[in-house]
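*Asks:* I have a structure I would like to understand better, so I am pasting it below and will then ask my questions one at a time.
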Amino acid sequence: MNGSLVVVDDVAAAFAQLVVDRTAASKAPFSLAFSGGSTARECYEHLAHEAESPIDWTRIDAWWGDERCVSLEDADSNYRLVEESLLSKVGPLASVHPMRSDVSDAADLYDRLVRSAPPIDLIHLGLGPDGHTASLFPGSEALNAPLHRFVVSNVDPLGHNRHARLTFTFAGIANCRSAVVTVAGASKTEALHRVLDGDLSAPAAHLANEDLIWLVDTEAMGSRSAR
Ligand code: 6PG
């Protein structure tokens with residue numbers, strides 16, 4: 001497995017604390033790329049209520065690591081998930097860069113935008129039961145995206161994950177200063193164990209970043225829980 005494994009009781013709380021610590025440690029504007037999914041929603045709801053050590057959100061630039069090709073208002077949009085669970089509760093940010101799919105060449109556009117900006121400070125990723133992360137699905141084209149592309153469009157060839165997608169590539173994730181993968185619950189144990197074993201048929205096992213952190217709860221660790 002690439003990166004460092006941190007086993008915790010409460011992944012959402014650990015994620016929120018990590019964001020508080022990282023944003024507090026950097027004096028410059030801080031860029032954060034958001035994820036989709038239920039675990040991410042819990043993480044953002046927890047972050048929104050970080051009363052003890054509030055984040056100065058006017059210093060934060062918001063990006064997305066992947067998105068479903070639906071309108072930003074759609075219930076399945078990752079933009080809407082973050083808007084509802086966090087952005088609507090923390091007041092204005094320095095900048096917000098949703099992954100819009102209702103424009104032509106959406107992936108090219110976001111790719112250029114990301115590559116024209118300083119590297120993202122922290123990208124947040126999840127793990128699907130099929131071993132996917134961001135919208136990098138098993139057997140999908142984006143797994144073999146050219147190294148110069150940080151964002152591409154993608155679909156799940158097996159149809160397990162709905163909607164066409166825009167997603168960061170492995171190269172785009174590696175270009176970020178840090179990456180955190182949050183994994184919670186027994187439904188992820190099989191996929192997590194494949195990653196722990198370096199089973200490269202799980203896309204998440206290909207993740208690489210100079211500062212890659214796996215925040216995993218004991219339920220997801222299952223029989224391998226070190227705690
Ligand atoms: C998406 C996500 C995806 C998600 C995982 C985990 O848009 O679906 O970015 O990669 O993080 O599927 O989702 P859950 O936390 O809901 O299991």
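*Asks:* Determine the gain in length on full extension of the stretch SER38-ASP197; use 0.36 nm per residue of separation and subtract their C-alpha separation, reporting nm with one decimal.
*Replies:* 54.7 nm
*Asks:* Give me the one-decimal nm value for the distance between modelled label points at SER4 and ASP74, 7 Å along each residue's Cα-to-Cβ direction.
*Replies:* 3.8 nm
*Asks:* Quick check: the distance between the Cα centres of region 114-161 and region 21-39, to the nearest angstrom?
*Replies:* 19 Å
*Asks:* Can you pull the accessible area of CYS69 for me, 1.4 Å probe, Å² to the nearest 10?
*Replies:* Surface open to solvent at CYS69 totals about 50 Å².
*Asks:* Find how much the distance from ARG162 to ALA117 grows on full extension, using 0.36 nm per residue of separation minus their present alpha carbon separation; answer in nm with one decimal.
*Replies:* Gain on stretching ARG162 to ALA117: 13.2 nm.
*Asks:* Further, regarding this structure: Using the scaling law 2.2 N^0.38 Å as the reference, what is the normalised Cα Rg of region 1-141?
*Replies:* Working: Rg = 15.1 Å, N = 141, 2.2 N^0.38 = 14.4 Å.
Dividing the Cα radius of gyration by 2.2 N^0.38 Å gives 1.04.
*Asks:* Calculate the dipole size of the chain relative to its Cα centre from +1 charges on Lys and Arg beta carbons and -1 charges on Asp and Glu beta carbons; express the result in debye to the nearest 20.
*Replies:* My answer is approximately 380 debye.
*Asks:* Just the number please: accessible area per residue for region 1-47, 1.4 Å probe, all protein chains included, in Å².
*Replies:* Spelled out: the 1.4 Å probe surface of region 1-47, per residue, equals 42 Å².
*Asks:* What dipole magnitude, in Debye to the nearest 20, does region 1-107 give about its Cα centre under +1 on Lys/Arg Cβ and -1 on Asp/Glu Cβ? If you can, show how the numbers build up before the last one.
*Replies:* Numbers: 8 positive and 18 negative charges, 69 e Å.
I would put it at about 320 debye.
*Asks:* From the residues ALA33, VAL82, HIS49, which one has its Cα farthest along the dipole of region 1-84 in the positive direction, the dipole being from +1 and -1 charges on Cβ of Lys/Arg and Asp/Glu about the Cα centre?
*Replies:* ALA33
*Asks:* Considering only DSSP states other than H, G, I, E and B, which trypsin sites (Lys or Arg not before Pro) in region 151-224 qualify as loop sites with at most 11 other Cβ atoms within 10 Å? If you can, show how the numbers build up before the last one.
*Replies:* Numbers: sites: ARG162, ARG165, ARG177, LYS188, ARG194, ARG224; in loops: ARG162, ARG177.
Listed in order of number, the matching sites are ARG162.
*Asks:* Which log10 I(q)/I(0) values, to two decimals, does region 153-227 give at q = 0.14, 0.16, 0.20 Å⁻¹ under the Debye formula with one point per Cα?
*Replies:* One equal scatterer on each Cα of region 153-227 leads to -0.54, -0.70, -1.03.
*Asks:* May I ask you to rank GLU190, GLU141 by accessible area, largest first, using a 1.4 Å probe over the protein chains only? It would help to have the intermediate numbers written out before the result.
*Replies:* Working: GLU190 110, GLU141 160 Å².
Solvent-accessible surface, decreasing: GLU141, GLU190.
*Asks:* Counting alpha carbon pairs within less than 8 Å and at least 6 residues apart, what relative contact order, in whole percent, applies to the chain?
*Replies:* Reported as a whole number, the value is 25 percent.
*Asks:* Continuing with the same structure: Whenever you get a sec, line up GLU84, GLU210, GLU42 from highest to lowest accessible area (probe 1.4 Å, protein heavy atoms).
*Replies:* Largest accessible area first, the residues go GLU210, GLU42, GLU84.
*Asks:* Could you size up the charge dipole of region 58-105 around its Cα centre, putting +1 on the beta carbon of Lys and Arg and -1 on that of Asp and Glu, and report it in debye to the nearest 20?
*Replies:* Values: 5 positive and 10 negative charges, 57 e Å.
It comes to approximately 280 debye.
The values are calculated or read from the model by the stated rules, or taken from the named source; none is laboratory data. Given the structure is predicted, the values throughout are model-derived calculations rather than measurements. Using ideal geometry, Cβ is built from the backbone for each residue, glycine included, and neighbour counts are taken over all protein chains shown. Remember, those area values only see protein heavy atoms, side chains included, never the ligands or the DNA or RNA. Shrake-Rupley method; radii C 1.70, N 1.55, O 1.52, S 1.80 Å.
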